[in-house]
Amino acid sequence: MRLYPGFAEVVALSSLVILPAISRAEIASTCPAHIAVSQAFSGKAPEGWSSYDAKGDYPLTNVSFWSGPPTDKAQLVPDQRIRRANSEVDTWTFPDSPNAYWVACEYAGTSVLMARPLGKETRACTVEYDGRFSNPVARTWHCTAAR
């Protein structure tokens, strides 16, 4: 079923009023704002060329969620996306699973991720993106857990 923009928020708010027995707790949700990365060329440089590492400081751009560690290559797509004038909000819901769910912090200009498992109690995560960029940049994110 496809929902109209904003309709899901009304449903979610009314659900909180109708079902007060469902209790949610906030889970700490922060990523390092910047990471220092040293990268190395792994191939053979063409004749006459040399590779150099510019060693940079890379800013946080995205937050992603995974079924298992990112090495398992099981990145999850959001269950819901709400677009607004200057932002976008994605929400993931996590059913019970034998695999641990993971969060990964992604950085501009590098393939390096900072990742950690989420607790088994995590039930949903939301990321708000700044939509003023051609590729939206994560502003904030948070997860909730069933109590």
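Within the range 32-47, restricting attention to residues that are more than 15 Å from the chain's Cα centre (by Cα), among the aliphatic types (A, V, I, L, M) and loosely packed, with under 15 Cβ neighbours inside 10 Å, which residue is farthest from Tyr107 (Cα to Cα)?
My answer is Ala45.
Being charged (D, E, K, R) and more than 20 Å from Glu121 (Cβ to Cβ) is the filter; apply it to the range 69-95 and report the residue that is surrounded by the fewest Cβ atoms within 10 Å (Cβ to Cβ).
Going through the range 69-95, the residues charged (D, E, K, R) turn out to be 72-73, 79, 81, 83-84, 88, 90.
If we keep only those that are more than 20 Å from Glu121 (Cβ to Cβ) as well, we get 72-73, 81, 83-84, 88, 90.
Numbers: Asp72: 11, Lys73: 9, Arg81: 13, Arg83: 13, Arg84: 12, Glu88: 17, Asp90: 22.
Applying the filter and picking the extreme gives Lys73.
Just to verify a result, which residue in the range 85-102, among those that are in contact with a Lys or Arg (Cβ under 8 Å, 6 or more places away or on another chain) and outside any strand (DSSP E or B), is modelled with the highest pLDDT?
Among residues in the range 85-102 that are in contact with a Lys or Arg (Cβ under 8 Å, 6 or more places away or on another chain) and outside any strand (DSSP E or B), the one modelled with the highest pLDDT is Phe94.
For the subset of the range 24-80 comprising residues that are more than 17 Å from Val112 (Cα to Cα), aliphatic (A, V, I, L, M) and assigned to a loop (DSSP other than H, G, I, E, B), which member is modelled with the lowest pLDDT?
The qualifying residue modelled with the lowest pLDDT is Ala28.
Across the range 1-23, what is the total count of residues that are assigned to a loop (DSSP other than H, G, I, E, B) and either of a type in the set (S, T, N, Q) or at pLDDT 50 or above (or both)? Can you show your working first?
Of the residues in the range 1-23, the ones assigned to a loop (DSSP other than H, G, I, E, B) are 1-6, 19-23.
Adding the requirement that they be either of a type in the set (S, T, N, Q) or at pLDDT 50 or above (or both) leaves 23.
Selection size over the range 1-23: 1.
Look through the range 103-146, keep the residues that are of a type in the set (Ser, Thr, Tyr) and assigned to a strand (DSSP E or B), and return whichever of them is surrounded by the fewest Cβ atoms within 10 Å (Cβ to Cβ). Can you show your working first?
First, the residues of the range 103-146 that are of a type in the set (Ser, Thr, Tyr): 107, 110-111, 122, 126, 129, 134, 140, 144.
Add one more test, that the residue is assigned to a strand (DSSP E or B), and what stays is 107, 122, 126, 129, 140, 144.
On the way: Tyr107: 22, Thr122: 21, Thr126: 19, Tyr129: 24, Thr140: 13, Thr144: 18.
Only one residue fits best here, namely Thr140.
Would you point out the residue of the range 48-68, among those that are under 14 Å from Cys125 (Cβ atoms) and among the hydroxyl-bearing types (Ser, Thr, Tyr), that is surrounded by the most Cβ atoms within 10 Å (Cβ to Cβ)? Outline the logic, then answer.
The first filter runs over the range 48-68 and keeps only residues under 14 Å from Cys125 (Cβ atoms), leaving 62-67.
Then keep just the ones that are among the hydroxyl-bearing types (Ser, Thr, Tyr); that gives 64, 67.
Working: Ser64: 21, Ser67: 16.
Result: Ser64.
The values are calculated or read from the model by the stated rules, or taken from the named source; none is laboratory data. Here the structure is a predicted model, which is why all the values come from computation and not from measurement. Note that each Cβ is placed from the backbone with ideal geometry, even for glycine, and that neighbours are counted across all protein chains shown.
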